[in-house]
1. For the range 234-265: of the residues being of a type in the set (Phe, Trp, Tyr) and either at pLDDT 95 or above or surrounded by fewer than 24 Cβ atoms within 10 Å (Cβ to Cβ) (or both), which is farthest from ligand 1 (Cβ to nearest atom)?
2. Taking the range 105-158 on its own, how many of its residues are surrounded by 24 or more Cβ atoms within 10 Å (Cβ to Cβ), without any contact (Cβ under 8 Å) to a residue 60 or more places away in the chain and assigned to a loop (DSSP other than H, G, I, E, B)?
3. Filter the range 175-233 down to the residues that are more than 10 Å from ligand 1 (Cβ to nearest atom), part of a helix (DSSP H, G or I), under 25 Å from Leu49 (Cβ atoms) and of a type in the set (Val, Ile, Thr) and list them by number.
4. Give the number of residues within the range 161-181 that are buried (at least 21 other Cβ atoms within 10 Å of the Cβ) and over 20 Å from Leu249 (Cβ atoms).
5. Where residues in the range 74-89 are surrounded by fewer than 18 Cβ atoms within 10 Å (Cβ to Cβ) and without any contact (Cβ under 8 Å) to a residue 40 or more places away in the chain, which of them is nearest to ligand 2 (Cβ to nearest atom)?
6. Could you check the range 140-162 and list, in sequence order, the residues that are over 12 Å from the mean Cα position of the chain (by Cα) and modelled with pLDDT of 95 or more?
7. Please work out if Thr101 is of a type in the set (Val, Ile, Thr), surrounded by fewer than 23 Cβ atoms within 10 Å (Cβ to Cβ) and within 16 Å of ligand 2 (Cβ to nearest atom).
Amino acid sequence: MYRIIKSVPKSLFGKGSFNQMGDILDEMRKDKDSYFVFLVDDYFKEKPLSDRIPLKGGDYIIWVNVDDEPKTSLVDKISDQIKESQSHMASAVIGIGGGSTMDYAKAVSVMLTNEGSSTLYQGLNLAKVPAVYHIGVPTLSGTGAEVSMTAVLTGPVKKLGIKGEFTPFDLIIMDPELIKDCPKNQRFFTGMDSYIHNVESMDGINRNSISDSYAIQSQNLCREVFLNANLTREEADEKMMVSSYFGGLSIGHSEVGVCHALSYGLSYVLGLHHGIANCIAFNNLEDVYGEHVREFHKMVELHEIDLPMHISKEFTKEQVEKMAVTAFGLDHMWRHAFGLEWQKHVTTERIIEWYNLM
Ligand code: NAD
Ligand code: ZN
């Protein structure tokens, strides 16, 4: 079964490219009523970047808090707020932030043109109407959310993306300067998302020549960033941004696997962010991803990362069971990792064993 991938049609890459955004938007201001909505991670509220956002006329900023991973409830609230405050549609939605903000921007732009709650669109190709034009400006690198065709959301019953041809950004602006001040741990956790995407993409039945090609190059870049002590931070940031982009394209053409299934359970039940949840899970998956996990351990050590250990001591029985049910339900990931008969290899008991190692 082959699948059609839609990725981002236009991209702008390079140090300082964020400065071109004003000119790009000016070309899109068709009449005096045109306006843009900026969804910006509230981490930047008091930071110099906020003064560089090219606001004009009726443009406005909505600050987004990403302490929790993106929720359908907040997507609905933001979309309703935009719809109610204006008599006509925004010319574009522009997301500035990490993977969470990328996903909010993608989801809100879909929800501005599609009726009802975003919970109705968690799944594949459920949106009926094309989204409002949307632009992504990543300030963290690793998730690949800037290029993927999904906006991952946690709803009342599931963590599942709004996935489909209307979701990807129309344009992304990748300026490595925007990630330069990210603290060590966050940079590592988000960066490892790319590393793990590549490992999982290349280890499963959905892999193919195109997903492998992106993953191999993405992985080379990731290794340069986290294993080559001779790179300057500036060189590393540029490479990391490309690694994230290629890693996102790789899983688009293939699939994620065991680590992501376990990580979704951790995020859904404990509210852990994707990057750190991935690292906690991957750290304990030597039985599946062997040499890659050993390489991961080396990177943790080299960068002196504070990786949470022995967290399973605090899990309640109910929490572990709920995590296992959540993870078990992600059958497309298990099928990719273990083949069509994955249920012969994976049971909720085995999943609970993995959780208890963490
Ligand atoms: P994030 O967006 O959740 O942000 C993590 C933290 O870093 C937040 O506190 C944020 O305010 C802060 N931050 C953002 N930019 C910063 C900067 N330049 N410097 C310092 N701090 C900064 O982190 P993430 O790892 O980029 O994204 C994780 C999210 O991405 C999860 O919600 C996950 O579900 C999603 N995701 C989506 C896809 C996709 O294909 N759509 C793929 C992987 C992950
Ligand atoms: Zn991921």
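The values are calculated or read from the model by the stated rules, or taken from the named source; none is laboratory data. Given the structure is predicted, the values throughout are model-derived calculations rather than measurements. FYI the Cβ positions are ideal-geometry reconstructions off the backbone, even for glycines, and counts take in every protein chain you see.
1. Taking the candidates together, the pick is Phe246.
2. 2
3. Matches in the range 175-233: Val225 only.
4. Count: 1.
5. Only one residue tops the list, namely Lys77.
6. Ile162
7. Against the criterion (of a type in the set (Val, Ile, Thr), surrounded by fewer than 23 Cβ atoms within 10 Å (Cβ to Cβ) and within 16 Å of ligand 2 (Cβ to nearest atom)), Thr101 does not qualify.
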